Structure formats: structure tokens, C-alpha cells
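Nothing in this text is a laboratory measurement; each read-out follows from the coordinates by a stated rule. Note that the coordinates shown come from a computational prediction; the quantities given were computed from them, not determined experimentally. Neighbour counts run over all protein chains shown; Cβ positions are idealised from the backbone, glycine included.
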Amino acid sequence: MELQLNKTGDIFDLELKNSLNETIELNASSSIGGKDQGFRPMELLAGSLAGCSSIDILNILNKQKIRPDSFDVTINATRKDEVPAIFERIHLEFFVSEEVPREKLVRAIELSMEKYCSVTKILEPTCIITYSIG
């Protein structure tokens, strides 16, 4: 994997690009001189947790020929009030269309969180990760 981060304008105007030339804009909080535009790095990390687990879950369901009509995740994260301000807790709430059998959805989530999701495994030593089905 190779990514490229470039400063594109003012002090905290940053663009992250992958090998497919897809980009994400990053910026900092206005409290330190940023513009409150684009994603902050910790938002990307929490979003990466949801994305990684979602890909696992959808892949597991797909192998069972289950393709949800809708699949959404709400992420609620809290950070420690110290430096570094690492995540203390992250809760993922999965909203999946009703045609997905609940027991299969639960099992797919468990497999992702306990075995497959690389981002979960990176965060687990310092962060409590929980999930629910909405």
C-alpha cells in the first residue's frame, strides 16, 4: 500500500491520495488554526474501523448469498482528555435491512470484530469497542 499526503493550500490544508488517485481532504480544528473543513485524522481512524468491519460483514453475508438492500453504521467515539487524545471508546451501531436473518447478521458482526477486522485489532489494546444492531 502506498499513499501520498500533500499540503494543498494554507497551513493545515492536506490531501491524502491513494494509488487509484482517489482523494480525501484533511484539515485541523479551528482551535489550532485549522478551517474545520475536511476530515480530521481521528475521524478517519474511527471511520476506518466502521469501514473495515463493514467490508468483513458484507463479505461474510455475500458468501451466504445474502445481499442487504441497506447497510448503515453510526459511529460514536470518545477520546481521552489528555495528550495524546487517543480513543477511549468507540461504539458502532449497525442498521441493516430486515431481509438479513438476524442470527446471520449477529454471527457476521462477531466474526468481524473478534477475528477479521484489522482496524479492530489495532485499536483493541487501548480502546473499548462495542457494537449493537439498530
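May I ask for the longest run of the chain untouched by GluC sites (Glu not before Pro) that are loop-located per DSSP and have at most 15 neighbouring C-beta atoms (other than their own) within 10 Å? Numbers along the way, then the final one.
Details: sites that count: 2, 22, 82, 98, 99.
The longest uninterrupted stretch comes out as 23-81.
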Point to revise | Between the range 100-128 and the range 1-21, the alpha-carbon center distance in angstrom | key: 30 Å
Review point. What is the helix-to-structure angle for 41-63, meaning the angle in degrees between its Cα long axis and the longest Cα principal axis of the chain, kept from 0 to 90 and rounded to the nearest 10?
Key: 20 degrees
Review point. Of (1) 74; (2) 22; (3) 44, which one was derived for percent of Cα pairs over 23 Å apart from the structure shown?
Key: (3)
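Size of the dipole of the chain about the Cα centre, Lys and Arg at +1 and Asp and Glu at -1 on the beta carbon, nothing else charged, in debye to 20?
Working: 15 positive and 21 negative charges, 82 e Å.
Its charge dipole is roughly 400 debye.
At 222 nm, what helix-only mean residue ellipticity would the chain give, in deg cm²/dmol to the nearest 500, using -39500 (n - 2.57) for each DSSP H run of four or more? Present the calculation step by step, with values, prior to reporting the outcome.
Values: 3 runs with 39 residues, N = 134.
The helix-only estimate for the chain comes to -9000 deg cm²/dmol at 222 nm.
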Practice item. Would you mind checking which residues have amide H under 5 Å from residue 89's amide H? H placed 1.01 Å from N; only 5 or more apart, or other chain. Key: 78, 128
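What is the ratio of the Cα radius of gyration of the range 86-134 to 2.2 N^0.38 Å, where N is its residue count, to two decimals?
Ratio of Rg to 2.2 N^0.38 Å for the range 86-134: 1.23.
What is the total of Lys pairs in the range 41-133 with C-alpha atoms under 18 Å apart, excluding same-chain pairs fewer than 8 positions apart?
For the range 41-133, the number of qualifying lysine pairs is 4.
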Exercise for review: For helix 102-111, report the angle its Cα long axis makes with the longest principal axis of the Cα atoms of the chain; keep it between 0 and 90° and round to the nearest 10°.
Suggested key: 50 degrees
